[in-house]
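Nothing in this text is a laboratory measurement; each read-out follows from the coordinates by a stated rule. All figures in this text were calculated on a predicted structure; none of them were measured in a lab. Cβ placement follows ideal geometry from the backbone for every residue including glycine, while neighbour counts extend to all protein chains displayed.
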Amino acid sequence: MKTWIAFWSIVRKDMKAYYLKPPNVSWGLLFPLAWTGMFLIRSGQDTHSLQSVLPGMIALSVLFGTSSMLAVAVTFEKKARAFDRLLLSPIPLVLLMLAKTSGAILFGMFNALVPVLLGFWFADLSGTDWSMVVPAVLLIAVVSTYLSLLLAILATEVFEVQTLSNFVRFPMIFLCGLFFPVTALPWFLQPLSFMLPLTYGVDILHAAIQGEQILPAALDFAALAGFCLLLFSLSLHSINRHWIG
Amino acid sequence: MTGPAIRARGLKKRFGEVRAVGGIDIEVSKGELFGFLGPNGAGKTTTMSMLTGLSRPDAGSIEIGGIDCSRNPKAAQHLIGVVSDESNLYPELSGFDNLCFSGALYGMRRQDRSRKASELLELFGLVDASSRKFSGYSKGMKRRLVIAAAIMHSPPLLFLDEPTSGIDVESSRMIRQLLTGLHRQGVTIFLTTHFIGEAERLCDRIAFIASGRIVRTDTVERLLQPVQGRYALTVSLSGGCPIPLGELEVAFPGLDFQLQAPDELRVESGEPLKAGSLVRFLEDRGVEVIEARKRVLSLEDVFVEITGIGAGSMLKEKEGRWR
Ligand SMILES: Nc1ncnc2c1ncn2[C@@H]1O[C@H](COP(=O)(O)OP(=O)(O)OP(=O)(O)O)[C@@H](O)[C@H]1O
Ligand SMILES: [Mg+2]
């Protein structure tokens, strides 16, 4: 009971204090808006090609939204040593990290609304299977938040985290089938694609929006869930090692 | 809490090549105001981090209120409030929201949080600033709010890392009064400081730490015993003392002379000292006296004696900001 008071207060505080911070607005909201707008203009009235870029746009918005929010809520607080207050409080570390990442996950999902709403306006989404889109967006948000968390623990400066996460984010745009199918990549890059969690998330989105997919949805979901668990436990382990030194 | 408030045995901590803490024992009884005194880099903050669960000792054991911290760190953290050496509250939140958030971390309910936060803002003289963002607070206000945040959940044991460093006389006096008040209410306090006078006035017992080792732990009374009724005179000279100390001792029997620095003469005695005759004696021999200062020997002198460390830097800061 007491622990949940702490949990919700952390989530609420992060949302209240950080959602409208400049880096979040620019990376989280403006960036997907600009990209989606650009794609929409390029594809013109060709609704099929709109549907083919929408999964990539959603994934991209979630990816950039979660990582920018996490950088503020964790890296920034760690740097200013406000994070010590959390480590000093009696909340178990697992719950603490779940609370600290919840804000970023919700923010990432909220960001996914940007391309989805634009999609409603410009494309035909009547055939979309929302019961797959929503859990896929959730899992993409979770997995990219935990990935950013791991990077945030391994780096100490805010700019280091940003540089490091760009090293991860940009290759993922090309390797994970966001804007062209993984199968179109040179053969030697394809194994790399299947080592990245986003590939599985984007595959579900393609299936739900366009009806095209590489892997069975159940396998995609299982792989994403596996990545979530793996990344979260790696993060906890690294916090224990690096932050409670 | 059962047992002593803090019991630590054989604590050690290294950072690579640096031995920050080299095997120290600490025992603090319930209700005690315990001072942890030492120069910069002595290992005070490192020790406090280990005691509060923010870092793990390389060796040694810690019990807080009878709870073994290596087994059950989170249970021990319920019992403690921590004021770290930096004012690390949330800059985006108001003073009031910062306090409420701190209370929430310890599971306080909404009504209790609001009531306690208002009480503390009143007590710390921050009512007018309660709805202002923490980022706009002055240094002294920040320090006060950080202390308020640490006692939101009414912990029976409070750790403070240099609560009065870098703030003005008024704010530090207020903080010292608050600590005295908490002490009277029975809160156990672990106070880290390098202001010797502060420790002397506030604490029941003091541990001197230097280079990661505790040199001595004792009550203030017992620490002061060897200097009780001793007087000192410090004479600053321009360009050193050309007169041999032996000659001075012959001229002024019963006084101890010592060159503290090349241009600073220190005189000690069991009787109240008269500066005039000594200054005249020196000036008659062509020595230029800049200043002669009398004082009663205090804990500063004990510290220098025991640790062998010139308390220079600690004293200077003390004079500037303390009293
Ligand atoms: N995270 C760290 N990494 C490397 N060295 C450290 C670290 N923390 C402390 N040290 C070293 O350990 C020693 C003790 O430092 P500590 O901060 O505990 O001293 P302190 O007594 O609190 O000093 P101060 O009065 O300046 O606050 C110092 O030599 C310091 O450089
Ligand atoms: Mg310190």
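Under a 5 Å amide H cut-off, with hydrogens placed 1.01 Å from N, B:Leu297 pairs with B:Arg230, B:Tyr231, B:Ala232 among residues at least 5 apart or on other chains. Take the alpha carbon atoms of segment A:127-161, find their center, do the same for segment B:149-179, and report the distance between the two centers in whole angstrom. Each part reduced to its Cα centre gives a spacing of 41 Å. Computed packing ranks the peptides B:39-48, B:253-262, B:69-78, A:146-155 as A:146-155, B:39-48, B:69-78, B:253-262, most packed first, by mean other Cβ atoms within 10 Å.
Using the Cα gyration tensor of segment B:234-294, with a ≥ b ≥ c the square roots of its eigenvalues, what is the shape: rounded (a/c below 1.5), prolate (a/b larger than b/c) or oblate (neither)? It comes out rounded by the Cα gyration axes.
Mind jotting down the distance between the C-alpha centroids of segment A:1-73 and segment B:106-132, whole Å? Using only Cα atoms, the two centres lie 35 Å from each other. Here segment A:2-244 is treated with +1 on each Lys and Arg Cβ and -1 on each Asp and Glu Cβ, and its dipole about the Cα centre works out to around 1040 debye.
Springs join every pair of Cα atoms under 10 Å in this Gaussian network model of chain B, and among B:Ser94, B:Ser49, B:Ser236 the largest mean-square fluctuation is at B:Ser236. Using Cβ point charges alone (K and R +1, D and E -1), the dipole size of the protein assembly as shown about the Cα centre works out to roughly 1060 debye. Each part reduced to its alpha carbon centroid, segment B:1-77 and segment B:211-266 end up 34 Å apart. For peptide B:102-115, the mean count of partner chain Cβ atoms within 10 Å of a residue's Cβ comes to 4. Residue-wise HN-Hα couplings along segment A:229-236, as the Karplus relation 6.51 cos²θ - 1.76 cosθ + 1.60 with θ = phi - 60° gives them from phi, are 4, 4, 5, 5, 6, 4, 5, 4 Hz; Gly and Pro carry x. Candidate cross-link partners of B:Lys12 among the lysines, defined by an alpha-carbon separation under 23 Å and a same-chain spacing of 8 or more, comprise B:Lys44, B:Lys74. Taking the C-alpha atoms only, the angle from helix A:47-70 to the longest principal axis of chain A is near 10 degrees.
Spatially close Lys pairs in segment A:2-244, defined by Cα atoms under 21 Å apart and a spacing of eight or more places or different chains, total 14. Taking a ≥ b ≥ c as the square roots of the eigenvalues of the Cα gyration tensor, segment B:65-212 is oblate, since a/c reaches 1.5 or more and a/b is not larger than b/c. Based on C-alpha pairs under 8 angstrom that are at least 6 apart in sequence, segment A:2-244 has a relative contact order of 25 percent.
For peptide B:54-60, the mean count of partner chain Cβ atoms within 10 Å of a residue's Cβ comes to 2.
Taken over the C-alpha atoms, segment B:163-277 has Rg and Dmax values of 19.1, 56 angstrom. Between the helical axis of A:31-43 and the longest alpha-carbon principal axis of chain A there is an angle of about 0 degrees. Shielding by partners for peptide A:3-15, expressed as the average number of C-beta atoms from other protein chains within 10 Å of each residue's C-beta, is 4. Computed from Cα positions, the angle between helix A:2-18 and the longest principal axis of chain A comes to roughly 60 degrees.
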